[in-house]
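The values are calculated or read from the model by the stated rules, or taken from the named source; none is laboratory data. The model shown is predicted, which means the values in this text are computed figures rather than measured ones. Note that we place each Cβ from the backbone using ideal geometry, even for glycine, and neighbour counts take in every protein chain shown.
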Amino acid sequence: MDLGLKGCKAFIAGASRGLGKACAKALTDEGARVFVCSRNAEELKRAAADVGAAGFSAADVSRPAEVKRIVAEAIATLGGLDCLVTNAGGPPTAPFEKAGDGDWDIAYQLNLMSAVRLIREALPALKASGRGRIVNLTGYGVKEPLSDLVVSDSIRAGVTVMAKTIASDLAPFGITVNNIAPGPIVTDRLTEIFSARAKSLGITPDEHAAWGSRTKSAISALIFVHRKLATSPARPSWSTAGSTARSSGPRAQTVRKKYKKI
């Protein structure tokens, strides 16, 4: 099925691994030309080769000057811009009482302001495209928060509200704005979180990972909101947590009971 993405010019942030890299691969598989960035130059170089990116450059999207540079470089490389995927690594993990001002400041710059600045810098090119697509990768915590992710969930909720607000403003320019809020996906970030939680619960990381989900549903949502025929400018966040896999049996039930206490 032709999704109308052949030749689409897309910029994906945080694409050296995990969901960002998977998004880039999904778009190139559909014939899109993608430009990718991340902080780790070596990982990014390998990822760009893996996904067949048209261009790449290392950048820290929590820094305003870096955002200006990387968006300009992406537009110059691609010859314009049709699609923007905002994405960044997760902020520090801690329950509310242990999260300091520094943790909140990091999350504000890394996960909220990076999206704000990326969109702001990309807007002229997206308006010129006539079919601009903005997709923010957030997290299921914006709908079902977890105590040890209070910093991440709170900040990502800000991205969600921002996106819903600007969707109406940008509709006259043919630009759609969507959020994808995936449930647990086995990435390096999730492995770190699961390991910390498992230790506190007295179970193994593998037992805790029984709550994991698959990347496929999140990627399908990304392709859907990017396709040429998507015309609705104001959409709710696309939650992919429905694919969460839960194992059964006495031990799994025990894990679930402990999990609810987090």
Conditions first: (1) acidic (D, E); (2) more than 24 Å from N178 (Cα to Cα); (3) touching a Lys or Arg at 6+ places or on another chain (Cβ under 8 Å). D82 passes all but one, so which condition is the exception?
(2)
Looking at (1) more than 18 Å from C8 (Cβ to Cβ); (2) buried (at least 19 other Cβ atoms within 10 Å of the Cβ); (3) modelled with pLDDT of 95 or more, find the lone condition where V142 falls short.
(3)
Out of region 68-101, which residues are closer than 23 Å to L3 by Cβ and among the acidic types (D, E)?
D82
Residues of region 146-163 being in contact (Cβ under 8 Å) with a residue 12 or more places away in the chain, over 17 Å from L126 (Cα atoms) and of a type outside the set (S, T, N, Q), in sequence order, are L146, D148, L149, V150, V151, D153, I155, R156, A157, G158, V159, M162
Enumerate the pairs (first residue in region 119-131 and assigned to a helix (DSSP H, G or I); second residue anywhere and modelled with pLDDT of 95 or more and of a type in the set (D, E, K, R)) with beta-carbon separation below 6 Å, excluding pairs fewer than 6 apart on the same chain, so at least 6 apart or on different chains.
E121/K68; S129/D82
Mind checking which residues of region 151-186 are in a loop (DSSP other than H, G, I, E, B) and modelled with pLDDT of 95 or more?
G174, I175
If I filter region 51-93 down to residues being over 16 Å from the mean Cα position of the chain (by Cα) and in a strand (DSSP E or B), which single residue comes out as nearest to S147 (Cα to Cα)?
A58
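Residue-wise test of (1) more than 22 Å from A157 (Cα to Cα); (2) buried (at least 16 other Cβ atoms within 10 Å of the Cβ).
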{"position": "G7", "(1), (2)": "yes, no"}
{"position": "L44", "(1), (2)": "yes, yes"}
{"position": "E73", "(1), (2)": "yes, yes"}
{"position": "L118", "(1), (2)": "no, yes"}
In this structure, does R46 turn out to be basic (K, R) and either closer than 21 Å to M162 by Cα or at pLDDT 95 or above (or both)?
yes
